1. I want to confirm something. Restricting to the stretch 94-118 and keeping residues that are open to solvent by 90 Å² or more (accessible area, probe 1.4 Å) and at pLDDT 85 or above, which single residue is nearest to Arg15 (Cα to Cα)?
2. Using the structure shown, decide if Ile54 is open to solvent by less than 90 Å² (accessible area, probe 1.4 Å) and more than 30 Å from Asn116 (Cβ to Cβ).
3. What are the pairs, 6+ residues apart or on separate chains, where a residue within the stretch 91-118 that is in contact (Cβ under 8 Å) with a residue 40 or more places away in the chain has its Cβ under 6 Å from a residue that is among the aromatic types (Phe, Trp, Tyr) and open to solvent by less than 60 Å² (accessible area, probe 1.4 Å)?
4. Going by the structure shown, is Ile70 surrounded by 10 or more Cβ atoms within 10 Å (Cβ to Cβ), under 22 Å from Lys117 (Cβ atoms) and within 16 Å of the chain's Cα centre (by Cα)?
Amino acid sequence: MNEYAIIDIGGKQLRVERGRFHDARHFAPIRHALTPNTKISINRVLLIRHRSGINFGYPWLDDAAVKGRILHGCFKEKLVIQKIHSKKKTRRTFGYRENMTRFVVDSIHFGGKDLNKS
């Protein structure tokens with residue numbers, strides 16, 4: 001695809017395209033408000049590529065938004081952490097799975113118009 005955007009979400013930068021789903025952590029401070037099919041709009045857009053043009057933001061683009069909807073909550077792969085004390089002959093193993101939110105991008109807007117329709 002020729003149209004994509006780079007957004008800042010959850011402390012990471014993601015390259016998003018229309019019609020694809022992505023996983024983000026720390027999506028919102030209120031997790032229970034994010035139910036499936038909730039419409040979202042992300043205004044922290046760093047870069048937009050449309051056909052042969054590239055628009056950079058400093059740090060973000062002004063009139064740019066990525067709109068989509070939440071599919072469901074999910075988990076990342078389990079991280080296993082082991083603490084071993086060699087002289088005491090003790091071991092402790094524990095792990096956790098990070099909460100993620102899966103969302104799909106419906107459209108990319110810049111300058112008040114939808115880039116995917118033009």
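The values are calculated or read from the model by the stated rules, or taken from the named source; none is laboratory data. None of these values were measured; they are calculated from a predicted model. For neighbour counting, all protein chains shown are included, and Cβ atoms are generated from backbone atoms with ideal geometry for every residue, glycine included. Side chains included, ligands, DNA and RNA excluded: accessible areas come from the protein's heavy atoms. Shrake-Rupley method; radii C 1.70, N 1.55, O 1.52, S 1.80 Å.
1. Step one: list which residues in the stretch 94-118 are open to solvent by 90 Å² or more (accessible area, probe 1.4 Å), which gives 96-97, 113, 117.
If we keep only those that are at pLDDT 85 or above as well, we get 96-97.
Details: Tyr96: 26, Arg97: 23 Å.
Going through the qualifying residues, I end up with Arg97.
2. Numbers: open to solvent by less than 90 Å² (accessible area, probe 1.4 Å): yes; more than 30 Å from Asn116 (Cβ to Cβ): no.
No.
3. Filtered contacts from the stretch 91-118: Thr101/Phe27.
4. Numbers: surrounded by 10 or more Cβ atoms within 10 Å (Cβ to Cβ): yes; under 22 Å from Lys117 (Cβ atoms): no; within 16 Å of the chain's Cα centre (by Cα): yes.
Considered against the rule, which asks whether it is surrounded by 10 or more Cβ atoms within 10 Å (Cβ to Cβ), under 22 Å from Lys117 (Cβ atoms) and within 16 Å of the chain's Cα centre (by Cα), Ile70 comes out as no.
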